[in-house]
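Asker: Provided herewith is a single structure, encoded as structure tokens, for subsequent inquiry.
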Amino acid sequence: MIRYLVRRIVHLAALLAAVSALSFSLVSLSPIDPVDAYIGADVMKVGPEQRAKIAARWGLDKPPLERFTTWAANLVRGDFGISAIYNEPVLTVIGKRFAMSLWLMALAWVFSGLFGFVLGVVAGAFEGGLFDRAVRFYAYLLAGTPTFWLGLLLLLIFSVALRLTPVCCAFPPGVTPEEATVWQRLWHLALPAATLSIVGVSAVILHTRQKMIQALRSDYALFARAQGEDTMGVVRHHALRNVVLPAVTLQFATLGELFGGSILAEQVFSYPGLGQATVEAGLRGDVPLLLGIVLVSAVFVFTGNTVADLLYRVIDPRIGWKGAA
Amino acid sequence: MLTVTDLSIRFERYDRGLTRTVLTPVHHLDLDIGPGEIVAVIGASGSGKSLLAHAVLGILPDNCRVDGEIRFKGDPLTPARQKALRGREMVLVPQSVGFLNPLKNVGAQVRRAAILGGAAGRDAPGITDAAFARYGLAPAVQALFPFQVSGGMARRVLTATATVGRADLIVADEPTTGLDQEAAQQSMAFLRSLADEGRSVMVISHDLSAVVPVADRVAVFLSGTTVEGAPAGSFNGQPEALRHPYSRDMWRALPGHGFDPGPDRAAGPTWSEGEADGCPYVRRCARADAACADTFPPKRHFGRDFVRCRHA
């Protein structure tokens, strides 16, 4: 157990080092000039000396390798730097934005997990039936649906045509985050969360369904039938336990996809979460913020995978702590 | 207790496009088991013996057709009756722990078998404890998962699942496979004592030497059919006590009887898919003639014994 944790921590450190180096290289190669992006519309009013001053203040006059080592050294001390576009420490920006995104992702994660699992179990238990065919059609259709397109569609139907849900943002206009009630927040979350859930559900459905079919064709299901168990009994007493494991693992392992999906959904709904901040940071050349988000999301996805790995050991007695990689 | 008459099992399979292939892994099968009797169905591995067990319990896959008659306690076993009786009056003892749920401890699985066998929920733990004690399993074994029990222990657990109800027919599929001699003998002894309580036991096996000393009767299974029904004692005497050439060749192949591998193996497999017409042993039989290749041998009775051979 302790050896396992130590090994995971070493893995995480190696992962973060690789991710930082790679994203820093990519950002350095980006055609966006941070100074231009910062100045924006005032580009005509700013002379070359002023530009040089801004560049010098941000350290952009130094070679990339030196910038990277300076940034990395600060990072090790816990200093993620200052976000250029928000003029706040990177960790503060990420903290605020992450709290917003967490609501969205948690709702989408729970709903897609629950619905996907239930639909997958029932479809698999009645393989080939009408319900199974309907669910499969739905899952394949959604597997090929782009998140942003579905978001726009929902927006058109529920916000524009039916006027049931707000068109954008996390709170009603003119209300500060501190004043917003839980209901107001949930009301604004409804469509983005629905978009993410509807798209995220298909992977869980298809995996769960397949595992269910396998479980019902297994030798232990045959023996259970010989003992007088009917299909519902086999599902309840035998298959479910064997199916829940891959579903839970999948749900944790797809945190990365959920994160990616939330970027698109937040753009469509102008939801001020981490995803939107990522797009802003990228478009406006805010290197410290972008790298900070990349690192935090790497930790987030890594944690998801580790939890999945740990759950395997809890649910499946055949997997012990020895030889854990 | 159980009478199987002219049973056949057909699978329909669609190959590329609409070419339909019909497989008949079991045909012209006859078998009868009286109360308190162990009848061993002996035949080569992979010859479809397990299908017989599944047909009796009614747990064959949906794409197969069963013809012929199976009677249990005098009445025909219809699918509805099979559904009502399996787990209660007739039970399966499977081959290996592979048939237990890998994620549930064995105690819980035996308790579930007890409830399905007709016990009330609150009685199940007591019945399970008694069954574990009967087979010399420590109470702690109940908490183990299937992957944690040894081969011999697994046999006891699987046998225990069959005894928690009040089943009168026990179908044991390969009860000695993968066990050392001592464990195999014990596994058979468990079945013997169940038969001695008045239950009927069908043992499906390829392991003649382990099964014959304990069984009452033997049904010789070849290529999906029973070619001979004889008392188990016939395998202890001279080969002439057996009527079918295949049974005699099997007798000669036993370690104590000369260890003769039998007719030339180069003759090919004893069975192939399209060969339902002639005698299944025609290609290896020393006494085969033209008629054997063309017509399926009729069944001839000698009291309870029977044989399917034109020359016997």
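The values are calculated or read from the model by the stated rules, or taken from the named source; none is laboratory data. If you're wondering where the values come from, they're calculated on a predicted model, not measured in any experiment. Note that we place each Cβ from the backbone using ideal geometry, even for glycine, and neighbour counts take in every protein chain shown. Just so you know, the surface numbers come from the protein's heavy atoms only, side chains and all, with ligands and any DNA or RNA stripped out. Shrake-Rupley method; radii C 1.70, N 1.55, O 1.52, S 1.80 Å.
Asker: Having 2 or more residues that are touching a Lys or Arg at 6+ places or on another chain (Cβ under 6 Å) is the bar; report the helices (runs of 4 or more DSSP H) wholly within the range A:226-325 that clear it.
Answerer: Values: elements: A:231-234, A:240-253, A:255-269, A:274-283, A:287-315.
Helices (runs of 4 or more DSSP H) meeting the threshold: A:240-253, A:274-283.
Asker: Still on this structure, I have one more. Among what's in the range B:187-212 and is part of a loop (DSSP other than H, G, I, E, B) and open to solvent by 40 Å² or more (accessible area, probe 1.4 Å), pick the residue that is nearest to B:Leu51 (Cα to Cα).
Answerer: Restricting attention to the range B:187-212, the residues satisfying the condition of being part of a loop (DSSP other than H, G, I, E, B) are B:197-199, B:206-207, B:212.
Add one more test, that the residue is open to solvent by 40 Å² or more (accessible area, probe 1.4 Å), and what stays is B:197, B:206-207.
Values: B:Glu197: 27, B:His206: 14, B:Asp207: 18 Å.
Ranking the qualifying residues of the range B:187-212, first place goes to B:His206.
Asker: Still on this structure, I have one more. Only residues in the range B:67-85 that are within 14 Å of chain A (Cβ to nearest Cβ) count as the first member; pair them with residues that are among the hydrophobic types (A, V, I, L, M, F, W, C) and in a helix (DSSP H, G or I), Cβ under 7 angstrom, at least 6 apart or cross-chain, and list the lot.
Answerer: B:Gln82/B:Leu57
Asker: Looking at the range A:148-168, which of its residues are open to solvent by 50 Å² or more (accessible area, probe 1.4 Å) and either within 18 Å of A:Met105 (Cβ to Cβ) or out of contact with any helix residue (DSSP H, G or I) (no Cβ under 7 Å at 6 or more places or on another chain) (or both)?
Answerer: A:Phe148, A:Trp149, A:Leu153, A:Leu156, A:Ile157, A:Val160, A:Ala161, A:Leu162, A:Arg163, listed by residue number.
Asker: Determine, yes or no, whether A:Ala221 is surrounded by 17 or more Cβ atoms within 10 Å (Cβ to Cβ) and free of Cβ contacts under 8 Å to residues at least 60 places away in the same chain.
Answerer: Values: surrounded by 17 or more Cβ atoms within 10 Å (Cβ to Cβ): yes; free of Cβ contacts under 8 Å to residues at least 60 places away in the same chain: yes.
Yes, satisfied.
Asker: Taking A:Ala180 as the residue in question, decide whether it is in a loop (DSSP other than H, G, I, E, B), away from chain B (no Cβ under 14 Å), closer than 16 Å to A:Tyr271 by Cα and in contact (Cβ under 8 Å) with a residue 40 or more places away in the chain. So that I can check it myself, show each step before the final result.
Answerer: Working: in a loop (DSSP other than H, G, I, E, B): yes; away from chain B (no Cβ under 14 Å): yes; closer than 16 Å to A:Tyr271 by Cα: yes; in contact (Cβ under 8 Å) with a residue 40 or more places away in the chain: no.
Answer is no for this residue.
Asker: Among the basic types (Lys, Arg), modelled with pLDDT of 85 or more and under 12 Å from B:Arg308 (Cα atoms): does that describe B:Arg248?
Answerer: No, not satisfied.
Asker: For the range B:274-310, name all the residues that are in a loop (DSSP other than H, G, I, E, B) and among the hydrophobic types (A, V, I, L, M, F, W, C).
Answerer: Of the residues in the range B:274-310, the ones in a loop (DSSP other than H, G, I, E, B) are B:274-289, B:295-299, B:303-304, B:308-310.
Within the range B:274-310, B:Ala276, B:Cys279, B:Val282, B:Cys285, B:Ala286, B:Ala288, B:Phe296, B:Cys309 qualify.
Asker: Of (1) under 27 Å from A:Thr195 (Cα atoms); (2) assigned to a helix (DSSP H, G or I); (3) modelled with pLDDT under 90; (4) open to solvent by less than 70 Å² (accessible area, probe 1.4 Å), A:Thr145 satisfies all except one. Which?
Answerer: Here A:Thr145 meets the rest and fails (2).
Asker: Being within 14 Å of another protein chain (Cβ to nearest Cβ), open to solvent by less than 60 Å² (accessible area, probe 1.4 Å) and within 30 Å of A:Leu310 (Cβ to Cβ) is the requirement here; does A:Leu245 meet it?
Answerer: On the way: within 14 Å of another protein chain (Cβ to nearest Cβ): yes; open to solvent by less than 60 Å² (accessible area, probe 1.4 Å): yes; within 30 Å of A:Leu310 (Cβ to Cβ): yes.
So A:Leu245 passes the test.
Asker: So is A:Ile54 more than 24 Å from the chain's Cα centre (by Cα) and part of a helix (DSSP H, G or I) or not?
Answerer: Numbers: more than 24 Å from the chain's Cα centre (by Cα): yes; part of a helix (DSSP H, G or I): yes.
Yes.
Asker: Regarding A:Leu255, is this residue modelled with pLDDT under 90, open to solvent by less than 40 Å² (accessible area, probe 1.4 Å) and within 10 Å of another protein chain (Cβ to nearest Cβ)?
Answerer: Against the criterion (modelled with pLDDT under 90, open to solvent by less than 40 Å² (accessible area, probe 1.4 Å) and within 10 Å of another protein chain (Cβ to nearest Cβ)), A:Leu255 does not qualify.
Asker: Taking the range A:189-218, which residues are open to solvent by 10 Å² or more (accessible area, probe 1.4 Å), touching a Phe, Trp or Tyr at 6+ places or on another chain (Cβ under 8 Å) and not hydrophobic (A, V, I, L, M, F, W, C)?
Answerer: Result: A:Ser197, A:Gly200.
Asker: Condition (residue is open to solvent by less than 60 Å² (accessible area, probe 1.4 Å) and touching a Lys or Arg at 6+ places or on another chain (Cβ under 6 Å)) applied to the range A:124-134: is it met by at least one residue?
Answerer: The answer is yes, given that some residue of the range A:124-134 is open to solvent by less than 60 Å² (accessible area, probe 1.4 Å) and touching a Lys or Arg at 6+ places or on another chain (Cβ under 6 Å).
Asker: If you go through the range B:33-66, how many residues are open to solvent by 70 Å² or more (accessible area, probe 1.4 Å) and within 12 Å of chain A (Cβ to nearest Cβ)? Before the answer, list the steps.
Answerer: Taking the range B:33-66 and keeping what is open to solvent by 70 Å² or more (accessible area, probe 1.4 Å), we get B:35, B:45-46, B:62-63, B:65.
Then keep just the ones that are within 12 Å of chain A (Cβ to nearest Cβ); that gives B:62-63.
Count: 2.
Asker: Only one of (1) assigned to a helix (DSSP H, G or I); (2) open to solvent by less than 80 Å² (accessible area, probe 1.4 Å) is not met by A:Leu65, so which one is it?
Answerer: (2)
Asker: What residue, of B:Val141, B:Val227, B:Val171, is in a strand (DSSP E or B), more than 14 Å from chain A (Cβ to nearest Cβ) and modelled with pLDDT of 90 or more?
Answerer: Selected residue: B:Val227, the only one of B:Val141, B:Val227, B:Val171 that is in a strand (DSSP E or B), more than 14 Å from chain A (Cβ to nearest Cβ) and modelled with pLDDT of 90 or more.
Asker: Sort out which residues of the range A:293-321 are within 14 Å of chain B (Cβ to nearest Cβ) and open to solvent by 30 Å² or more (accessible area, probe 1.4 Å), and write them in order of number. Spell out how you get there, then give the answer.
Answerer: Kept after step one, since they are within 14 Å of chain B (Cβ to nearest Cβ), are these residues of the range A:293-321: A:311-320.
Hits for the range A:293-321 are A:Leu311, A:Tyr312, A:Arg313, A:Val314, A:Ile315, A:Pro317, A:Arg318, A:Ile319, A:Gly320.
Asker: Kindly indicate the residue of the range A:224-242 that is of a type in the set (Val, Ile, Thr) and away from chain B (no Cβ under 11 Å) and also least open to solvent (accessible area, probe 1.4 Å) among those meeting that condition.
Answerer: A:Val235
Asker: Could you grab me the full set of residues in the range A:214-223 that are more than 7 Å from chain B (Cβ to nearest Cβ) and either part of a helix (DSSP H, G or I) or over 36 Å from the mean Cα position of the chain (by Cα) (or both)? It would help to see each step written out before you state the result.
Answerer: The first filter runs over the range A:214-223 and keeps only residues more than 7 Å from chain B (Cβ to nearest Cβ), leaving A:214-218, A:221.
The answer is A:Gln214, A:Ala215, A:Leu216, A:Ala221.
Asker: Given the conditions (1) in a helix (DSSP H, G or I); (2) away from every other protein chain (no Cβ under 14 Å), report the number of the one that B:Thr176 does not fulfil.
Answerer: Every condition holds for B:Thr176 apart from (1).
Asker: Same structure again: On the given criteria, is B:Ala184 part of a helix (DSSP H, G or I), open to solvent by 50 Å² or more (accessible area, probe 1.4 Å) and away from every other protein chain (no Cβ under 14 Å)? Before you say what the answer is, go through the steps one by one.
Answerer: Details: part of a helix (DSSP H, G or I): yes; open to solvent by 50 Å² or more (accessible area, probe 1.4 Å): no; away from every other protein chain (no Cβ under 14 Å): yes.
Answer is no for this residue.
Asker: Scan the range B:106-122 and give yes if some residue there is facing chain A (nearest Cβ under 9 Å), in contact with a Leu (Cβ under 8 Å, 6 or more places away or on another chain) and over 18 Å from A:Gly228 (Cβ atoms), otherwise no.
Answerer: Among the residues of the range B:106-122, not one is facing chain A (nearest Cβ under 9 Å), in contact with a Leu (Cβ under 8 Å, 6 or more places away or on another chain) and over 18 Å from A:Gly228 (Cβ atoms), which makes the answer no.
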